[in-house]
Amino acid sequence: MLKRIGLLILTNIAVVVMLNIVLAVVGMVFGINFGGMAGSSLDMGALSVFAVIVGFSGSVISLLMSKSMAKMSMNVQLINTANPQPGLEAWLVGVVAKLADRAGVAMPEVGIYDGEPNAFATGAFKNSSLVCVSTGLLKLMNKDEVEAVLGHEMSHVANGDMVTMTLVQGVMNTFVVFASRLVGWAVDRVILKNENDAPGAGYYITSMVLDIAFGFLAGIVVATYSRWREYHADAGSARLLNSPEPMIAALQRLNTMQPAELPGAMKGFGVSGGIGSLFASHPSCEDRIEALRKHAY
């Protein structure tokens, strides 16, 4: 996980450094001053630090609070994994324990929540995670299919997807904050000719509008990564169960249902999610089944 975090932080730094280099070249070519503290120039260092702090703070805080927020928002009923009730609880704990051992991660917390067919995994650390299934999923799937879904969720945990997704979001947030304020400054100073030390209305209006516009573009990138990650979690389930067939059967079953959307931060970590747009967190069940059959993961 540390290697993954380090790589993405370095990527984020590289993005900011590259933007600064590009702006320096543009400044020399067109005679625009992007450096310094005067009213007619922009402090690129301060903007870079501001963008990184704003870009990462929200996503990191959400990650650290993800388990507690999931328990509250989904009204999760945790199972006592040390002493589960005979029957369903004991079976769920046994399956998750087996999958966790195969995936090489610590036993997560296990929970059940009332709702339509779905499941999710969350948590800031792969060895301190939470895996939950809905009552709807347990009612409508057989044991092999539920085990495949749990394998999918445990693959998310083993792959460190919660951390990676958070950092990808942080990188995109950083870009949005940096780019919107840079363009806002250019509009205010270069186009509207504001020569005061304080930013003018052009800066604030442009920045707010571009926060929304660039945010939509960033959302497409994050959703694209989320869909790619789902294929790998499906493949992970196939590896943990030594066959793709249970996951294929689970996806076929999901394809006949109307899975409920998970709220907020949980949406990207379920076994199913919204499809049919550039902002979909999950590919279609048909595409996922085809990928499993063709081993295209």
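The values are calculated or read from the model by the stated rules, or taken from the named source; none is laboratory data. Predicted model only: the values in this text are computed from it and were never measured. Methodologically, a virtual Cβ is constructed for each residue, glycine included, from the backbone with ideal geometry; neighbour enumeration extends over all protein chains shown. Surface accessibility is based on the protein's heavy atoms, side chains included, excluding ligands, DNA and RNA. Shrake-Rupley method; radii C 1.70, N 1.55, O 1.52, S 1.80 Å.
What to note about this one:
- Rounded accessible area per residue of region 183-254, 1.4 Å, Å²: 50
- Taken along the Cα-to-beta-carbon direction at a fixed 7 Å, the label points for SER73 and SER243 span 3.7 nm.
- Over all distinct Cα-Cα pairs of region 140-206, the Kirkwood formula returns a hydrodynamic radius of 15.6 Å.
- Taking 0.36 nm per residue of separation and subtracting the current Cα-Cα distance, fully stretching the chain between ILE61 and ASP144 would add 26.3 nm.
- Largest-first ordering by accessible area, 1.4 Å probe, given options THR206, THR224: THR224, THR206
- Stokes-Einstein diffusion coefficient of region 33-190, Kirkwood radius over Cα pairs, 20 °C, 1.002 mPa s, in µm²/s: 119
- Kirkwood Rh, Cα atoms: Rg over Rh of region 128-251: 1.27
- On the principal axes of its alpha-carbon atoms, region 126-175 has extents of 44, 21, 15 Å, going from largest to smallest.
- Dipole of region 89-128 [Lys/Arg +1, Asp/Glu -1 at C-beta], most positive-end residue of GLY111, LEU92, ALA124: ALA124
- If only the Cβ of Lys and Arg carry +1 and only the Cβ of Asp and Glu carry -1, the dipole of region 63-188 around its Cα centre is close to 240 debye.
- Exposure ranking of TRP228, TRP185, TRP91 by accessible area [1.4 Å probe, largest first]: TRP228, TRP91, TRP185
- Treating r as the C-beta distance of LEU278 and PHE50 and R0 as 41 Å, the FRET efficiency rounds to 0.90.
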